[in-house]
Structures are given as structure tokens and as C-alpha cells.
Amino acid sequence: MAATNQSAIDSAVRHLVTRYNPAGNRVGWLMMASILVEAWDLYSIAFVLVFIKERYNPDPLLLGLAAAGTQGGAWVGAMIGGWLSDKIGRRVMFLATMILFIVLAITQAFVTSVFWLVVVRFFLGIPLGSDISNGYAYIMESMAKGKREVMGNRWQFMFAVGEVLTLAVIAIFLVADLPHEIVWRVTLGLGAVPALIILLLRHDLPETAVWLIRQGRFREAKQVARKMFGDDLDMLPDADVAVERPRPTAFLADIRKDPIRWRATLYGWIACFAQGSEFSTFAFYLPVLFVMVGVSSVLGVDLVTMGLYVIAAIAGWVGPLLTPKIGQRGISIAGFGIVLVSLVVAAGALYTGKIGILPFAAAAMLWGHYWDASNCMTIPTVVAKPEYRGTASGFAYMFVKLPSFLAIFLFPSLFAAVGQANATLFVAIFPLIGLLAAIFILPEIYGFEHD
């Protein structure tokens, strides 16, 4: 009987991924929308730190923790959020994470010291990290193969859009010449607004039929499939069954049984770390770059940065559209290759004093980054089995957040110790690692389907 149930479960999951055709991409876009919230938090704190320092004058370490706190919390959130998603369900998690973010985003606007800002922002990062891993699991279980990979690769486009929106709002505050105390508190608290909108739009979404099937909850799965896809899942019995729950670490042992899935997952981890490292360290270059080309005011820095991320948004939109044509390997090789060449050119410009090249190198670097980062979460999530897909997604996201957190503490010292040109050349190590991994480790998995 157990073997019969398992066969029916596998058949139903395969049927959903290969045959249904959801009307539109609403589900995918609603999951991707949480990237806007993370982008708002990341770039709003970067621009208001100067005002927070002006108000409280904390030591550099504490101020750095205020900026990095969300990244540290997101690392924890990715670790536990994916596991919870597999255990208690995708729907519970995507509702809970947005509620938590709304409460904590508002709370940080009323902190009375930098210490409490650090504490609040750390806890704020936990739902952010959890929501990304959960959202990817939902997408992979709610869209047909081929379409789900394209949607998953759009996360960098959403990140760039969030950055541009954030910088535009901050520019309005600066032009309005509001008191700095109001600017930083309102800016941080406004992160609750997109989170509230997302929560309202998501609240009617059901649990995924795939997750319900893997839990043995066949009656609910049939109801969801009938409502969303007009499919009765006739291969499943009408009664629920007891299903053995896998251990949280089971995915590590399972993926190694299949060389294709193991190589794809390993590449995903490497690419997550490489793209997270190249981007986190590059962020320190932007202020130096702006000073070199004569941009020194806070408003000027804001506007130039916004222009660069408009370019990044275009790259983030084009990359997923090309993926069905050139594959996941193609977009990865092209992305890491562009970043590598851009950083070498930037380093050469710094060595030779030809600083006029730097803005173009920076734009090219961002274009390449928004390609090489596009699929590093999609790949390990899509090849994971549904019963531990959230865990696998969260584990991959940890490799994004770890370098984001460490860069704040380690890279400024390196920058000061070895100089701009040498530091730029050092950063080129990361896209080189990603490029080699894409060429020699990553198999083509576009349109991947489990046996």
C-alpha cells in the first residue's frame, strides 16, 4: 500500500510540473515581489547611515552592524525559514514573514539608540531570508517547467527595480530638505508599505498542491489543483494518507545520488557566494567612483546610483528572456565573463589613471552581475525534490547572505591596505571562480524534470 501511495504521489507531482499551464504569472510575480522589500531595506540604510551617525555618533563597529544586521538576520532566516517551509507549509510562511517584516520595519523607525537599531534590524532580516527561500519553493511548485526557471531568474530585475524606487524616494526627501531625523526614520519605516501591499495581494493564495501531495493531504491537494488549474488529479486516492517526513539534512544525501542534480546544486552554492562577494565588495567602490568623476553631494550620489541601477534593471529583465535561448549555462558564463572583464578593465584604469573609463566599467560590471546572479537561486531550487525544496533553497541563500555580511567588516580594511587598483583586481577573483564553475561544473538544466 505504501509503495502504491508513493507511486501515486510521484505521478501527481510529475503531472503538475509537466502538464498544467497556469493562466498568467501572477503567483510568480507575487513571490518575486518580496525582493522589492529587501532592496528597499538594503539601499535605504546605506543612504541614511550618515544621518544616523549625525544623530547618535556611534563607534564604527556599531554603525557597521546597523547596516549589516539585516544581512546577518537573513542568513539565519534562510537557514531556518526553508526548513520551516517544508515542515509547516509555503502559505503559512509567506504570510508570517510579511507580517513580521511590517511590524519590525515600523519598529526600527522608533528606536532610541543605535544598539536597538542593530537588534531590530537583525530580527528584521530573519523574515526576509525566510521569504526568499520560501518564495522560490512556491514558484517551482506553482509554474510549469521552463516558465518557472524564467520567473526564478527575474529576482535580480526585481532587486534593481526596488533599488531604483528606493533611491527615487530618498531623492525626493533630499530635495524637500526635510530634517535629517525625519528622513532616516521615515525612510526605514516606509519599508512596511510594500510589505503590507504584498501581504494583501498574497493572502488569497492557497497552499501549493505539490506540498500538500507530499504531505499526504490528497483531499486538499485536489481542491487546490481544481481551483487553480482545473485539474482533479485523478491519479490520487480521495482519502489522505500518512507520509514519512524526511530529515532536514536529507537533501544533502539525496542530491549526491544524482550527478546532474549534485553538480547543479554545487554550482548554485558557488555562484551564490561568488555573485554575493563581487556585488558586496563592489558596493564599496561606488562612492570612490563618484568622487573620482566629480560627484560629491549626497543628492548627486543618489541620482548617479539610480542611473546605474536603471541599467541593472534592464539587464535583469533581458537576462531571463534570453535564458530559454542560451540556457542556464549560457547566461552564467556570459554574466561572470562580463563581470571579470569589467573588473580587469577597471583595475587597469586605476593603475594607469584613466578614470574616465570607470563609469563605463561600472555599468558593464552591473550588467554582467545581474546576469550571473539571476539563476544562482533558481538552479539549486529547481533540481531539489519537493519534500525538501524549501530547505535546499534556504541553504543556497545562505551562500548569498554570508559574503554580504562579511564584506562590511573585511573589505574596507583590504581597500585601505592595498589601495583601489589592487583591491579591484582582488575582487576579480570572485567572477573568475564563478566563470570556471559555470564552464566545468554546471550542467544544462533548463527545463529540468525529476524522474
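The values are calculated or read from the model by the stated rules, or taken from the named source; none is laboratory data. Computed from a prediction, not measured in an experiment: that's the story for all the values here. Neighbour counts run over all protein chains shown; Cβ positions are idealised from the backbone, glycine included. Ligands, DNA and RNA are stripped out before the accessible areas are found, and what is left, the full protein with its side chains, is counted by its heavy atoms. Shrake-Rupley method; radii C 1.70, N 1.55, O 1.52, S 1.80 Å.
Anything over 24 Å Cα to Cα? Flag those among Lys87/Lys385; Lys145/Lys222; Lys257/Lys325, in the order listed.
Lys257/Lys325
How far is it, in nm, from the label point at Ile88 to the one at Leu252 when both lie 7 Å from their Cα along the line to the Cβ?
If labels sit at Ile88 and Leu252, their model points lie 2.4 nm apart.
So what is the accessible area of the chain per residue, in Å², with the probe set to 1.4 Å?
Ligands and nucleic acids excluded, the figure is 39 Å² per residue.
With all protein chains present, how much of the accessible area of the range 1-131 (probe radius 1.4 Å) comes from carbon and sulfur, to the nearest whole percent?
C and S atoms contribute 70 percent here.
Pop out the ³J(HN,Hα) list for the range 147-160 in order, Karplus 6.51 cos²θ - 1.76 cosθ + 1.60 with θ = phi - 60°, rounded to Hz; leave Gly and Pro as x.
Computed from phi, the couplings for the range 147-160 are 6, 5, 5, 5, 5, x, 6, 7, 5, 6, 4, 5, 5, 5 Hz.
For Arg226 and Leu95, compute 0.36 nm times the residue count separating them, minus their Cα-Cα distance, and round to one decimal in nm.
Between Arg226 and Leu95, full extension yields an extra 44.9 nm.
I need to check one value: relative contact order of the range 30-163, counting alpha carbon pairs closer than 8 Å and at least 6 residues apart, in percent.
Contact order relative to length: 42 percent.
For the range 380-396, take each phi angle, set θ = phi - 60°, evaluate the Karplus expression 6.51 cos²θ - 1.76 cosθ + 1.60, and give the result in whole Hz per residue in order, putting x for glycine and proline.
Ordered by residue, 3J(HN,Hα) equals x, 6, 6, 8, 6, 6, x, 5, 9, 5, x, 4, 5, 5, x, 4, 5 Hz.
Given the range 109-229 reduced to its alpha-carbon atoms as identical point scatterers, what log10 I(q)/I(0) does the Debye formula return at q = 0.11, 0.14, 0.15, 0.21 Å⁻¹?
Evaluating at q = 0.11, 0.14, 0.15, 0.21 Å⁻¹ gives log10 I(q)/I(0) of -0.58, -0.82, -0.90, -1.31.
Spelling out what I want: for every residue of the range 28-35, take phi, set θ = phi - 60°, compute 6.51 cos²θ - 1.76 cosθ + 1.60 (Karplus), and round to whole Hz; glycine and proline get x.
My calculation for the range 28-35 gives x, 5, 5, 6, 5, 4, 5, 4 Hz in order.
Taking every pair of alpha-carbon atoms in the range 229-270, give the share separated by more than 12 Å as a whole percent.
Tail of the P(r) past 12 Å holds 74 percent of the pairs.
How would you rank 415-422, 337-344, highest first, on the average number of other Cβ atoms within 10 Å across their residues?
The packing order, highest mean first, is 337-344, 415-422.
Starting from the 7 Å offset along Cα-to-Cβ, what nm value, one decimal, do you get for the label separation of Leu200 and Val344?
5.1 nm
Given the peptides 56-69, 360-373, arrange them by the average over their residues of other C-beta atoms within 10 Å, most packed first.
360-373, 56-69
Grab the DSSP H runs of the chain that are 4 residues or longer, score each as -39,500 (n - 2.57), total them, divide by all residues and round the 222 nm result to the nearest 500 deg cm²/dmol.
The helix-only estimate for the chain comes to -26500 deg cm²/dmol at 222 nm.
To the nearest 20 Debye, how big is the dipole of the range 198-344 about its Cα centre, given +1 on the beta carbon of each Lys and Arg and -1 on that of each Asp and Glu?
Around 360 debye, computed over the range 198-344.
Would you work out the charge dipole size for the range 367-451 about its Cα centre, treating the Cβ of every Lys and Arg as +1 and the Cβ of every Asp and Glu as -1, and quote it to the nearest 20 debye?
300 debye
Hey, what did the range 322-398 get for relative contact order, percent, Cα under 8 Å, at least 6 apart?
32 percent
Using the Cα atoms of the range 50-161, I'd like the radius of gyration and the largest Cα-Cα distance, Dmax, both in angstrom.
Looking at the range 50-161, its Cα Rg and Dmax stand at 16.4, 52 Å.
So for the chain, averaging the separation of alpha carbon pairs under 8 Å that are six or more residues apart and normalising by length, what relative contact order in percent results?
Averaging sequence separation for qualifying contacts and normalising by length gives 26 percent for the chain.
Plugging the Kirkwood radius over Cα pairs into Stokes-Einstein for the range 287-433, at a temperature of 37 °C and a viscosity of 0.692 mPa s, what D comes out in µm²/s?
Taking Rh from Cα pairs, D becomes 194 µm²/s.
Step by step: find N for the chain, compute 2.2 N^0.38 Å, then divide the Cα radius of gyration by it. What's the final number?
The value comes to 0.99.
How far, in degrees from 0 to 90, does helix 259-282 lean away from the longest principal axis of the Cα atoms of the chain, to the nearest 10?
The angle comes out at about 20 degrees.
Principal axis extents for the range 319-405, Cα atoms only, whole Å, descending order, please.
Largest to smallest, the principal-axis extents are 55, 34, 13 Å.
Quick one: with all protein chains in place, what share of the accessible area of the range 324-386 is carbon or sulfur, to the nearest percent (1.4 Å probe)?
Result for the range 324-386: 75 percent of the exposed heavy-atom area is carbon or sulfur.
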